[in-house]
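Below is one structure, written out as structure tokens; the observations come after it.
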Amino acid sequence: EAQVTQNPRYLITVTGKKLTVTCSQNMNHEYMSWYRQDPGLGLRQIYYSMNVEVTDKGDVPEGYKVSRKEKRNFPLILESPSPNQTSLYFCASSLSNYWGGEQFFGPGTRLTVL
Amino acid sequence: TQLLEQSPQFLSIQEGENLTVYCNSSSVFSSLQWYRQEPGEGPVLLVTVVTGGEVKKLKRLTFQFGDARKDSSLHITAAQPGDTGLYLCAGESTNAGKSTFGDGTTLTVKP
């Protein structure tokens, strides 16, 4: 089944404890992206990747890191999480390098930072 | 940062009514998409519009892209409870890969 998977789905952590949220797609998509969703703010793009070893900042990259060493994986790293990073996170992938292509979203990761 | 403003933010209607959701910006977008999101799930694409003035229909849903490619609308005819959900518009910026989402319209259709 073609899909985007994220792990973990739920995570409660404490301020300053490094964490990684994994994202994997099995559709051989070139484009991948991370978003956070907060009430009343829609989805805001954190980082995106047009291809392996190519990553760029979205609108809210502060406090986050990403890497794209393989086509299928695009992990999101929070080196020192803070309470303002409590949010619902979505990973997405798309076949096309040109954005007009459909983005397929993962099921989301709900992160709480205490 | 390019912004997309959606209106209304919340909409509660009776089954059978018509509705329109708007997505507006001061910026030009290369293309614009509409997604629908249900609780506990990620957004799912409904349509992509790429040409100014373009109109696309998907059963009871009609999507329009403004002539200047700065705004879009979603019209639902004879809404049904199954249309309930969060509707999001998303625009492609001049930087390929960078996308901007609107803040969403929460639609509730009561039977």
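Would you confirm whether or not the stretch A:30-37 contains a residue that is among the hydrophobic types (A, V, I, L, M, F, W, C), closer than 15 Å to A:ARG110 by Cα, out of contact with any Pro (no Cβ under 8 Å at 6 or more places or on another chain) and at pLDDT 95 or above? Within the stretch A:30-37, one or more residues are among the hydrophobic types (A, V, I, L, M, F, W, C), closer than 15 Å to A:ARG110 by Cα, out of contact with any Pro (no Cβ under 8 Å at 6 or more places or on another chain) and at pLDDT 95 or above. Is it the case that the stretch B:49-68 has a residue that's closer than 25 Å to A:ASN51 by Cα and either acidic (Asp, Glu) or modelled with pLDDT under 95 (or both)? Yes: the stretch B:49-68 contains one or more residues that are closer than 25 Å to A:ASN51 by Cα and either acidic (Asp, Glu) or modelled with pLDDT under 95 (or both). Of the residues contained in the stretch B:48-56, none is found to be touching a strand residue (DSSP E or B) at 6+ places or on another chain (Cβ under 8 Å), under 28 Å from A:SER87 (Cα atoms), crowded, with 18+ Cβ neighbours inside 10 Å and in contact (Cβ under 8 Å) with a residue 40 or more places away in the chain. Of the residues making up the stretch B:1-47, just one is of a type in the set (Val, Ile, Thr), buried (at least 17 other Cβ atoms within 10 Å of the Cβ) and at pLDDT below 95, namely B:VAL47. Here A:VAL14, A:VAL54, A:VAL60 are screened, and the one residue that is among the β-branched types (Val, Ile, Thr) and within 28 Å of B:GLN9 (Cβ to Cβ) is A:VAL60. Among the residues of the stretch A:107-114, none qualifies, meaning not one is at pLDDT below 95, aliphatic (A, V, I, L, M) and surrounded by fewer than 21 Cβ atoms within 10 Å (Cβ to Cβ). Looking at the structure I just gave you, is B:ALA78 hydrophobic (A, V, I, L, M, F, W, C), over 20 Å from A:PHE105 (Cα atoms) and over 14 Å from the mean Cα position of the chain (by Cα)? When the stated conditions are applied, B:ALA78 passes them.
The values are calculated or read from the model by the stated rules, or taken from the named source; none is laboratory data. Every value quoted in this text rests on a predicted model; they were computed, and no experiment measured them. All Cβ positions, glycine included, derive from the backbone under ideal geometry; neighbour counts span all protein chains shown.
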